[in-house]
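A short write-up of the structure that comes next.
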Amino acid sequence: MFYTAAVAYRPVKWLSIGAALQVVYGEVNYATWVPLSANQDPDSDIRFQIATRGWAATGLLSMLANPVKGLWLGWSVRFPVRINTKGDAWLTLPSYMSALGAPLEWDETAKHKAAMPTDLPLALRTGIRYAQKFKDQPNAPDFWDIELDVIWERWSSIVSFDTVMNASLLGERMEVFKLNHFYQDVSEFRLGGSFTVPKKLGGGWLTFRLGTYYASTASPKEYT
């Protein structure tokens, strides 16, 4: 959840500049199974579950230009942010380990049982739009328009999500649990347009819209 406070300034008639401060609230809840041995026996897996939440802050910078009539150019950047979430984590041991009397021992002196940073990457967006208006009808919508947007997010900068647990297992302090994702950068292209029937129908305007998009994935297929 991004709680946003924004301001905008127009130094000249054809250019607007914006900035925003975003207070970010995040919750991370997931579960995974960790092999305890190399034999791939599912009965040896440890179930790991975490539920954390936290706050952070980031910002946005943006620009919107209208250099000639009907042509619009937009650009924005959201800066990367790390949310240090804290909360609870659980381990479910294999049945044979529980039978041996090896329970998970929590460190009760710690205020939080688990902590995990969550990263949101740098995001860049740009777009270009051209629109033509009806003549002599200032209150009418655009006669037609077409827009192309390009989005790029730097997910490759995030190597893994690392969880710190305030716990011991079999008398040994638990190490940092690292979950590698092998992320790659994401690119997205959006193309769309509209057309408005020149004559009012039933007292209103009828507009047709059509669009398409393509987006790459953050996770390679071999790691999905």
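Condition check ((1) open to solvent by 50 Å² or more (accessible area, probe 1.4 Å); (2) within 21 Å of ARG82 (Cα to Cα); (3) not aliphatic (A, V, I, L, M)) across all residues:
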residue: LYS133; (1), (2), (3): yes, no, yes
residue: GLU153; (1), (2), (3): no, yes, yes
residue: ILE158; (1), (2), (3): no, yes, no
residue: ASP162; (1), (2), (3): no, yes, yes
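Within segment 1-91, which strands (runs of 3 or more DSSP E) (wholly inside it) include 3 or more residues that are of a type in the set (Gly, Ala, Ser), touching a residue at least 12 places away in the same chain (Cβ under 8 Å) and over 30 Å from LEU148 (Cα atoms)?
Details: elements: 2-12, 15-35, 45-65, 71-78.
So the answer is 45-65.
For (1) polar (S, T, N, Q); (2) surrounded by 14 or more Cβ atoms within 10 Å (Cβ to Cβ); (3) within 23 Å of THR163 (Cβ to Cβ), each residue gets a yes or a no:
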| position | (1), (2), (3) |
| --- | --- |
| LEU15 | no, yes, no |
| VAL28 | no, yes, yes |
| ILE50 | no, yes, yes |
| THR58 | yes, yes, yes |
| GLY70 | no, no, no |
| THR85 | yes, yes, yes |
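Kindly provide the set of residues from segment 164-222 that are under 22 Å from ALA51 (Cα atoms), among the small types (Gly, Ala, Ser) and out of contact with any Leu (no Cβ under 7 Å at 6 or more places or on another chain), ordered by number.
SER168
In this structure, is GLN137 surrounded by 15 or more Cβ atoms within 10 Å (Cβ to Cβ) and in a loop (DSSP other than H, G, I, E, B)?
Values: surrounded by 15 or more Cβ atoms within 10 Å (Cβ to Cβ): no; in a loop (DSSP other than H, G, I, E, B): yes.
For GLN137, the condition - surrounded by 15 or more Cβ atoms within 10 Å (Cβ to Cβ) and in a loop (DSSP other than H, G, I, E, B) - is not met.
List the residue pairs whose Cβ atoms are under 6 Å apart, where the first residue sits in segment 200-219 and is within 25 Å of ARG154 (Cβ to Cβ) and part of a loop (DSSP other than H, G, I, E, B), the second is open to solvent by less than 80 Å² (accessible area, probe 1.4 Å) and at pLDDT 90 or above, and the two are 6 or more positions apart or on different chains.
Listed by first residue and then by second, the contacts come to SER216/VAL186; SER216/SER187; ALA218/TRP155; ALA218/TYR183; ALA218/VAL186.
Looking only at segment 140-174, filter to residues that are among the aliphatic types (A, V, I, L, M) and either in a loop (DSSP other than H, G, I, E, B) or under 18 Å from the mean Cα position of the chain (by Cα) (or both); which one of those is modelled with the lowest pLDDT? I'd like the intermediate steps shown before the answer.
Start the filter on segment 140-174 by keeping residues that are among the aliphatic types (A, V, I, L, M), which leaves 140, 146, 148, 150-151, 158-159, 164-165, 167, 169-170, 174.
Okay, now just the ones that are also either in a loop (DSSP other than H, G, I, E, B) or under 18 Å from the mean Cα position of the chain (by Cα) (or both), so 140, 150-151, 158-159, 170, 174.
Numbers: ALA140: 85, VAL150: 98, ILE151: 98, ILE158: 87, VAL159: 83, LEU170: 62, MET174: 73.
The extreme case among them is LEU170.
So which residues in segment 140-151 are open to solvent by less than 30 Å² (accessible area, probe 1.4 Å) and not charged (D, E, K, R), if there are any at all?
ALA140, ILE151
The values are calculated or read from the model by the stated rules, or taken from the named source; none is laboratory data. Keep in mind that what you see is a predicted model, and the values were worked out from it rather than measured. Neighbour counts are summed over all protein chains in view; Cβ atoms, including those assigned to glycine, are modelled from backbone coordinates with ideal geometry. Keep in mind that these areas ignore ligands, DNA and RNA; they rest on the heavy atoms of the full protein, side chains included. Shrake-Rupley method; radii C 1.70, N 1.55, O 1.52, S 1.80 Å.
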